[in-house]
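In what follows, a single structure is set out as structure tokens and then discussed.
The values are calculated or read from the model by the stated rules, or taken from the named source; none is laboratory data. Values in this document were obtained by computation on a predicted structure and should not be read as measured data. Backbone-built Cβ (ideal geometry, glycine too); neighbour counts: all protein chains shown.
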Amino acid sequence: METDIKIAIADDHSIFRKGFISTLETLDFSNIVFEAINAKEVFDNLETKTPDILFLDIQMPDTTDTETLEKIKELYPDIKVIMISADYQDKTIIRFMKKGSSAFLSKDSTLEVLGKTIETVYDTGFFYDDKIMSMLSESAERVSFSINPNGGVTSKSDINNFPRYKGSYGNDTIELERGLVNIFSIQEDSVKHNNNIGLHSHANLFQLIVVEKGGGDIVLEEKQYQIRNHTLIAIPKNTLHSFTLHINAEGYVFNYSDVALENLFKKDSKLLSLLDCGLVLNIREYQELNEIIEKCVSEYNKKSNERGFALKSLSEFLFLTLHRVYTEKGYLTDTNKEKFYLRQFTLLIREFNSPHVKLDKYCNRLNLTERRLSYMCKQLCNKTPKQMILEYYIELAKNALHNSDQTIGEIADSLNFSSINHFTTVFKQHTGLSPSEYKVNKDWRGIHNRQ
């Protein structure tokens, strides 16, 4: 075990505190940087000492509820806080998770659990054991369930801390019928992973999960939902999610190529709004929708020569029906409309095929003001429109530098940069390397993956 992890403990019960420190030393965690009996002592010590991990009792005598935790995370966000308590109720755990705790430890935990918690929190930033995960799964409360490496709830900007697959869960490849869709049974996937699919996202897939029988729990867009019979779950690409299904659950997973759907919906752009709308929906009452789903599954399983054509037509009808349901239920909110415009903006970047197109041309096509477009890009991507445009061309340039024999001048010309000098300047601003350095650098793979 690690012996140099800096640990602090804050608990107002002296006997417990001394016994806990003795236990830590038994596990070779002997670098105790301070003890505190109340919140004041915690913050006095933190002015001069910075632990890697702070064990914090949930009931400090001079503060209320989550106040101490919140202040620690505000002033010292890199400190990983493990809450300790005899209170093991799900609502208590959820409340402290939301405020930034990295783990929650019962005072009667075993030495094995204590050691594993410390090592896991130190390495990854969080740890919730099977008992807590089971408790959370049984809770009906919707909870921000994705975990931030510094503790607490993750935001969408933290997606890179979790696996992102180009295929189905655990895979980076997937065979799509006509490049459009792959369908398989829930049982096939869940049994393979012991009915527990961990937090992850898909780089290029839009998923529809249909649970016909049974149930479980799903975490989607930072909230937890209970799944029951006749549930449809829509999961956009690059959306963190996880789920646990009951052993008897039955249904299907539809994996759609996000790009293929974009092309399919070119003539009916309102359907594009569905591709950025994640939701959990009971579809028991929607007979037409259920019938289309069954037809898609039936056609996919036929493996006939006409299967691709049939699935293309059925998929269009499926999403048209979904759009009607979404509209009826009021799911196409302002946020989803903004995502729709953002998607349209990214499509225009490809269509215009030049890094020099002025922003007003984009805005005219989108029927938006520059202020509105800039606001949406900042809110949803934390980037300016210009940054998004240039990053698209930088990714194309990286790919060309690695996969083609073109000269740097030819690449700059193919990407419609005004000159090789401008291309070189922009490329270096974004990657830290000139195109020629990037092309010959022996560690280019690592550099590419860090961008």
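For this structure, a couple of remarks:
- Residue check for residue 324: assigned by TED's automatic domain parsing to the domain that holds residue 269, part of a helix (DSSP H, G or I) and modelled with pLDDT of 85 or more: yes
- Looking at the range 346-423, the helices (runs of 4 or more DSSP H) lying wholly inside it that each contain 2 or more residues that are over 21 Å from residue 266 (Cβ atoms) and under 25 Å from the mean Cα position of the chain (by Cα) sit at 370-381, 385-403.
- Applying the condition of being in contact with a strand residue (DSSP E or B) (Cβ under 7 Å, 6 or more places away or on another chain) and among the aromatic types (Phe, Trp, Tyr) to the range 283-337 and asking which residue is surrounded by the most Cβ atoms within 10 Å (Cβ to Cβ) yields 300.
- Any hit, the range 310-318, residues being touching a helix residue (DSSP H, G or I) at 6+ places or on another chain (Cβ under 6 Å) and within 15 Å of residue 231 (Cα to Cα): no
- Hits in the range 60-91 - residues which are polar (S, T, N, Q) and surrounded by fewer than 16 Cβ atoms within 10 Å (Cβ to Cβ): 64, 89
- Considered as a group, the residues in the range 267-284 that are of a type in the set (Lys, Arg) and part of a loop (DSSP other than H, G, I, E, B) include one that is modelled with the lowest pLDDT, and that residue is 267.
- Within the range 251-282, the set of residues being buried (at least 19 other Cβ atoms within 10 Å of the Cβ), more than 23 Å from the chain's Cα centre (by Cα) and within 18 Å of residue 330 (Cβ to Cβ) comprises just one member, 271.
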